[in-house]
Amino acid sequence: MEFREILKLKREKGQLILGESAGGEKLLINIKETPSIIITGETGSGKSILLDQILLELISDYTSLEMELALIDTSGVELNYYCDTNYLKYKAINDIDKSVVTLSRILEEIEKRKKLIKEQGFTTIDEYNAVHEDIIPLLVVAIDDDKFLLREEDTEKMLSGIISQLAGLNIIFLLVTSDVHNKFFETDKNVFASLLISFDYTNSEESEKNNIDGSNNLEIGAFLAQINGETAKYHNFDFEDNIIKEVLHQYE
């Protein structure tokens, strides 16, 4: 099925379709109920395409007043399309040091939001937004890492701090990486992630340490998804790169 058709199916706001099983069953999530998504796989297996699909579905749902993007892309290739949009709040492109600084700013934003709702007697940002005209936007933190950002000395602690404090703050965490040989993946991925997704690792040096057991010998574009302890196999939707510009032009 083409991704263009998925965008036409649009459902409730913030409800995303991430893939389709061989039997035609859709992987459907509510982004507010699934605030942390970790996607791994070897280069070329389809993981960055899935990240694009998630971002484009969100952009088709939320205006730039309702949603902001914090983008970290250590290759400087995958997330460039989104850097010139009104959605951008933070960016670190092809710069490990700036990526670490950006993670620090996200942690500061988390503390700011926690303090705000506590001082005003709310438990979530959504409650705050329901009674304020000047809303606190959804912050989507998208990380596409292929240069071992996760192995930086301070990164593991920062990522753990972010992913463990998302509840009620209107912040979404999306991590895409081919590197799973680091402390973060040894300790935190199964504890905090709402949704784990793993593409193929068959031809990768990472093949002995998968995000999800069984993610070897998957065809290109196929992935395993683990949510609420259940694992199932899905496929990416057919995706054309030019749809990124089309969607950004349409919804900016």
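The values are calculated or read from the model by the stated rules, or taken from the named source; none is laboratory data. Since the structure is predicted, the reported quantities are computational estimates derived from the model, not experimental observations. Backbone-built Cβ (ideal geometry, glycine too); neighbour counts: all protein chains shown. For the accessible areas, the whole protein counts, side chains as well, though only heavy atoms, and no ligand, DNA or RNA atoms are used. Shrake-Rupley method; radii C 1.70, N 1.55, O 1.52, S 1.80 Å.
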* Assuming residue 105 fulfils every condition listed in (1) more than 24 Å from residue 49 (Cβ to Cβ); (2) within 19 Å of the chain's Cα centre (by Cα); (3) open to solvent by less than 50 Å² (accessible area, probe 1.4 Å) apart from one, which condition is it? -> (3)
* Asked: Is there any pair linking a residue in the stretch 92-106 that is more than 17 Å from residue 80 (Cβ to Cβ) and β-branched (Val, Ile, Thr) to one that is open to solvent by 40 Å² or more (accessible area, probe 1.4 Å) and assigned to a helix (DSSP H, G or I), with Cβ under 9 Å and at least six apart or on different chains, and which?
  -> none
* Structure fact -> When restricted to 84, 73, the only residue free of Cβ contacts under 8 Å to residues at least 60 places away in the same chain and of a type in the set (D, E, K, R) is 84
* Across the stretch 37-59, what is the total count of residues that are touching a helix residue (DSSP H, G or I) at 6+ places or on another chain (Cβ under 6 Å) and modelled with pLDDT under 95? -> 3
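Could you identify the single residue in 85, 102 that is of a type in the set (Ser, Thr, Tyr) and not in a helix (DSSP H, G or I)?
Working: 102 fails: not in a helix (DSSP H, G or I).
Being of a type in the set (Ser, Thr, Tyr) and not in a helix (DSSP H, G or I) holds for just one of 85, 102, which is 85.
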* Being open to solvent by 40 Å² or more (accessible area, probe 1.4 Å) and either hydroxyl-bearing (Ser, Thr, Tyr) or over 20 Å from the mean Cα position of the chain (by Cα) (or both) narrows it down to one of 97, 84, so name that one. => 97
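When the stretch 3-44 is examined, which residues are found to be among the polar types (S, T, N, Q) and over 22 Å from residue 213 (Cα atoms)?
Going residue by residue through the stretch 3-44, those that are among the polar types (S, T, N, Q) are 15, 21, 30, 34, 36, 40, 43.
Those that are among the polar types (S, T, N, Q) and over 22 Å from residue 213 (Cα atoms): 15, 30.
Take the conditions in a loop (DSSP other than H, G, I, E, B) and surrounded by fewer than 22 Cβ atoms within 10 Å (Cβ to Cβ) and apply them to residue 60. Does it pass?
On the way: in a loop (DSSP other than H, G, I, E, B): no; surrounded by fewer than 22 Cβ atoms within 10 Å (Cβ to Cβ): yes.
Considered against the rule, which asks whether it is in a loop (DSSP other than H, G, I, E, B) and surrounded by fewer than 22 Cβ atoms within 10 Å (Cβ to Cβ), residue 60 comes out as no.
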* In the stretch 122-137, is there at least one residue being open to solvent by less than 50 Å² (accessible area, probe 1.4 Å) and touching a strand residue (DSSP E or B) at 6+ places or on another chain (Cβ under 7 Å)? -> yes
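Restricting the search to the stretch 20-57, which residues are at positive phi and buried (at least 19 other Cβ atoms within 10 Å of the Cβ)? Break it down into steps so the answer makes sense when it comes.
In the first step, residues of the stretch 20-57 are kept if they are at positive phi; the result is 24, 41, 44, 46.
Answer for the stretch 20-57, where residues must be at positive phi and buried (at least 19 other Cβ atoms within 10 Å of the Cβ): 41, 46.
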